[in-house]
Every structure is written in structure tokens, then in C-alpha cells.
Amino acid sequence: MTQKNKPLEFDTLFINANLATMDPNIDAPYGAIENGALGVKDGRITWISKMCDLLDFEGEEILDCEGDWMTPGLVDCHTHIVFGGNRAQEFEQRLNGVSYAEIANAGGGILSTVKATREMNSQDLYQETSTRLIDFLYQGVTTIEVKSGYGLDMPTEIKMLEVARRLTEDHVRVRTTFLGAHALPPEYKDRPDDYIDLVCDEMIPKIAELDLADAVDGFCENMAFSPAQIRRVFEAAKKYALPVKLHAEQLSNQGGAKLAAEFGALSADHLEYIDEDGVKAMAKAGTVAVLLPGAFYYLKETQKPPVDLFRKYGVPMALATDCNPGSSPITSPLLILNMACTLFGFTPEEALAGMTRVGAQALGLKTETGTLEMGKSADLAIWGIEHPAELCYWVGDVATGYRIFKGEDKKYE
Ligand SMILES: [Zn+2]
């Protein structure tokens, strides 16, 4: 088949677009094809070329991008976007000099979110989350990962995952993650092993039976769960063929990343305190490093993740908002791209890869989305900018002119 016959089969053809394909096989920064064309058929990318290679084209719909840049739709691979209430009052209390301990003793912190999430009905939880999600969609997100972990009991964990699954109604791809091992619920105070029993023996089997989770996650930290407890969670996940991920090495080095690598985890996330052995283990296992500059910023941390070591050993680096009501109440993926550059020393190209190609890899979706490549889902974002680095450079409103998911535009007012 010659190139010039093929365009006739398109549902939509985008012309005069600068394509930041993020395809590592294209030998140009951002995998760029300047002055290009991209064709879509049945929701998939079926044509990519320079405009000059596109001769007699016809299509249902031809859209002239007038020199705008097109990137893959953004992939936010780590969020806790489903939650009840918010913690703005605690934020204010702290700035008025009230200590963390005093706030926690008064029922604040993560347990206040657990309480609010348990009390909220499913419909309200969906509505609140869906409203938050709009910010992400306006900034070009076409795939989002959503964790549970504010229920810490069976009914609320199930409710959160059902709400997360329902977000697909908002025209976005959703990957759900069961995070029962997020924190110790108040009714299990001083009995963490009993709670891990509940997670492993009851919650994971039930959630697997209901097919509510695409992965299982945990929080390995002094203030949360030990590597031995997380190992039990991972073994239970393995029994049900669920891939694992881990909040690891955020506040101290527990060896969580190594443990995650041992289980072939999709990703280990945060990683400010990871050591060289941990990085090597991740490289060997092909585990993605998901870095979360929003939480680093919000918690005023000073220990940065070892970006140079990840580069040295070839560990792919993804970026995500970590949107949550405590340590990262951030609904702006583009702000995260900026923070990765300014706080962690990412190049703009690494940052954009972190929220497209590598973010998709962290969700086990690298053959489906994350680059502009033939055969992949037509998940696209079109930006009125003159260079892709602008996506990392501006702090403010670089709104997407156009967002396409599976080949379709949809308004999300
Ligand atoms: Zn998190």
C-alpha cells in the first residue's frame, strides 16, 4: 500500500501539526516531527508523517492545527483523587502555630480524611472527584491512576474503587489501585499485623473477585507499614495476579524499593531516600521510578530523589501529581512538570516523557498510550505553544486548545 492511498481511510486527520511524538525511536528531541500530520481511524493512530509525505488525502474530518504542537495525552500515574472533605483548615492551623501532634491528637491528619471519606455517600464522592478531575482534563490528561486508601475498611475501600472506576464516564482512561496498606485505621490502633491480616485475607480476595483494582500498592515507612508487612501484602496480590507498586523511601530508607523490585513492581514511588543498591535493583527489575515533586514541595522536604543515579542506571523516571488532601493538594499536572525541572533538575524533555511515555509504563500501558505511534490509542493533546519546553516553563494557564481521547473530542463542562 502506498502512503498516498492510506489517508483515505481516516476518521480524522490532523494537518500542519508539530508532533512531539515522545517516541524514543525517532532521533530528535521530544521525538519531534515538525510540520507533520497524524491520522486517526477507529480510535487509533493509523498515520504519522511529515506534511510533505502526505499527498492526496481525504477524510471524514480534516483539522488544521496551524502549527500548534501536539503531544501524547498526559498520563498522571499516581493520584489519590477520590477523597471526602479537605484539610485546608489544618493547613491554616499549622501556619498559625498548631503542631502536627496537636492536630493528629484532635483527630486531624489522614484520619480526618478517612472519617470524611467513610461518611460520604458514593454519589457525592463521585461528584466531588469528578469536579476535581476537570482540572486534569483541561491540562490534557487522558489517563489517570486512582488509588483507594482512605477507607481502610472493606465497604469504604470498595466504595472508593467503584467511584474511581466510574470516572471513566468523564471520558478518560482510569487505572485503579487498591491501597489498603496506606495507614492504620483507628480501630486497629497498636495492632498493625491484625490489620495486614484483614488486607491480605479479606480485602484483596474480595477486591480481586469484584475486579475493582488493576494493581495493589502500600506505604512502606516508619509511620506506616514495615517491609515485612508489605511483603505479605505483595504475596497476597501475587496470588491474584495483581501487579504491585509501592510508596517507598519517602521519609527514610526502609529498603522498600528493593522489595518492590523483588516482586517485579510496576513502579516504586517518591524515593527521596533510596540508596544506590535500591536504584540498581529497580534497574534490574525494570521498575519505574515515579517521582512526586508536589509532595516534596508541599512538605518542604530538602532531601531530593537521586535523579543522577536513576539516569546512570537507566531507571525510567515518571512524574505524577500525587493529588491528595494532605501532602499534595495539587490538580495541575503542568505545575508538576515545572516543579520536576526547578526542584529535581529534570530537563523539559525528561519531564514531558515522565508524564507521557514513562507514566504509561508505570501503569503497564506502554503499548497502549504515552507516545504518538502507529497503532496506539489516539490520546492526544494540542497546545497553542511554539516549543514543547513551554509546557514546563510557564506557571499559569497554558490551556489545551484541544484534547482527544481514543480519537474523540468531548467537552467536559
Ligand atoms: Zn501517594
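Screening S122 against (1) out of contact with any Lys or Arg (no Cβ under 6 Å at 6 or more places or on another chain); (2) more than 16 Å from the ligand (Cβ to nearest atom) leaves a single unmet condition, (1).
Looking at F225, F296, F234, just one residue is buried (at least 17 other Cβ atoms within 10 Å of the Cβ), under 22 Å from D153 (Cα atoms), aromatic (F, W, Y) and within 15 Å of the ligand (Cβ to nearest atom), and that residue is F225.
Among the residues of the range 364-407, those identified as among the β-branched types (V, I, T) and in a loop (DSSP other than H, G, I, E, B) are T367, T369, T371, I385, V395, V398. Of all the listed residues (A241, A261, A237), the sole one being at pLDDT 95 or above, outside any helix (DSSP H, G or I), over 15 Å from L291 (Cβ atoms) and in contact with a helix residue (DSSP H, G or I) (Cβ under 9 Å, 6 or more places away or on another chain) is A241.
Taking the conditions exactly as written (surrounded by fewer than 19 Cβ atoms within 10 Å (Cβ to Cβ), within 16 Å of the ligand (Cβ to nearest atom) and within 17 Å of the chain's Cα centre (by Cα)), does P333 satisfy them or not? Even if it seems obvious, please write down each step before you answer.
Working: surrounded by fewer than 19 Cβ atoms within 10 Å (Cβ to Cβ): no; within 16 Å of the ligand (Cβ to nearest atom): yes; within 17 Å of the chain's Cα centre (by Cα): yes.
No; evaluated as a whole, the condition is false for this residue.
Among helices (runs of 4 or more DSSP H) entirely within the range 271-318, having at least 1 residues that are at pLDDT 95 or above, closer than 30 Å to L95 by Cα and among the hydrophobic types (A, V, I, L, M, F, W, C) singles out 293-298.
When G108, G67, G149, G85 are checked against the criterion of being among the small types (G, A, S) and either within 16 Å of the ligand (Cβ to nearest atom) or crowded, with 24+ Cβ neighbours inside 10 Å (or both), G149 stands alone in meeting it. Filtered by the rule that a residue be in contact with an Asp or Glu (Cβ under 6 Å, 6 or more places away or on another chain) and within 22 Å of Y188 (Cα to Cα), the range 78-137 gives I103, G108. Just one of (1) surrounded by fewer than 15 Cβ atoms within 10 Å (Cβ to Cβ); (2) closer than 30 Å to V114 by Cα; (3) of a type outside the set (D, E, K, R) fails for P24. It is (2).
Could you tell me whether T79 is surrounded by 15 or more Cβ atoms within 10 Å (Cβ to Cβ), in a helix (DSSP H, G or I) and within 16 Å of the ligand (Cβ to nearest atom)? So T79 does not fit the description; no.
The values are calculated or read from the model by the stated rules, or taken from the named source; none is laboratory data. Just so it is clear, the structure is predicted and the values come from calculations on it, not from any experiment. So basically every Cβ, Gly included, is an ideal-geometry build from the backbone, and we count neighbours across all protein chains shown.
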